[in-house]
Amino acid sequence: MFGITPYRGWRRGMPSEFRWDIDRMFDSMLQEFDDIDSYHPLRVDIKEKDKEYVLEAEIPGVDKDDILLELKDNVLTIAVERKEEVNEEKENYIRRERRYGSFRRSFYVDDVDQDKIKAKFKNGVLKVKLPKKESIPPKENRIPIE
């Protein structure tokens, strides 16, 4: 199982068999619309390396100060507030495709060293390094029998 997966909070209290049935049903219904995720304003790539996970999110057109990166209850959240610049003069747009507002992505993060997470924002890409916890082999605890 992967240590980092997209977080879907609404599914929290559902029995797992029911949840998987619903997932399969929607996956089959929406299979034709696989590209629909590509329209999300925060596109994310997640790579697993030997000692860490690396998350890269495309967030063009925002300042570093407009990004909130937060880890709470094993959920890593990237939140962005893209503010619209309002000019006093009226502009006659023919087409306006750039979006403004709040965007958010959350991922369930497991088995990472929370104190060593590092993030860097450069050229519109947020790069988050999530070091894996050192795996400690289980200690054999032999109990003597009297």
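The numbers here are math on the coordinates, done by the rules we state, and not lab data. The model shown is predicted, which means the values in this text are computed figures rather than measured ones. Every residue, glycine as well, gets a Cβ built from its backbone with ideal geometry; the counts of neighbours run over all protein chains shown.
Of note:
- Restricting attention to the stretch 124-144 and to residues that are surrounded by 10 or more Cβ atoms within 10 Å (Cβ to Cβ) and among the aliphatic types (A, V, I, L, M), the residue that is nearest to ASP50 (Cα to Cα) turns out to be LEU130.
- Among the residues of the stretch 106-121, those identified as within 17 Å of ILE46 (Cα to Cα) and among the charged types (D, E, K, R) are ASP110, ASP111, ASP113, LYS118, LYS120.
- Of all residues making up the stretch 98-117, the number that are in contact (Cβ under 8 Å) with a residue 60 or more places away in the chain and of a type in the set (S, T, N, Q): 1
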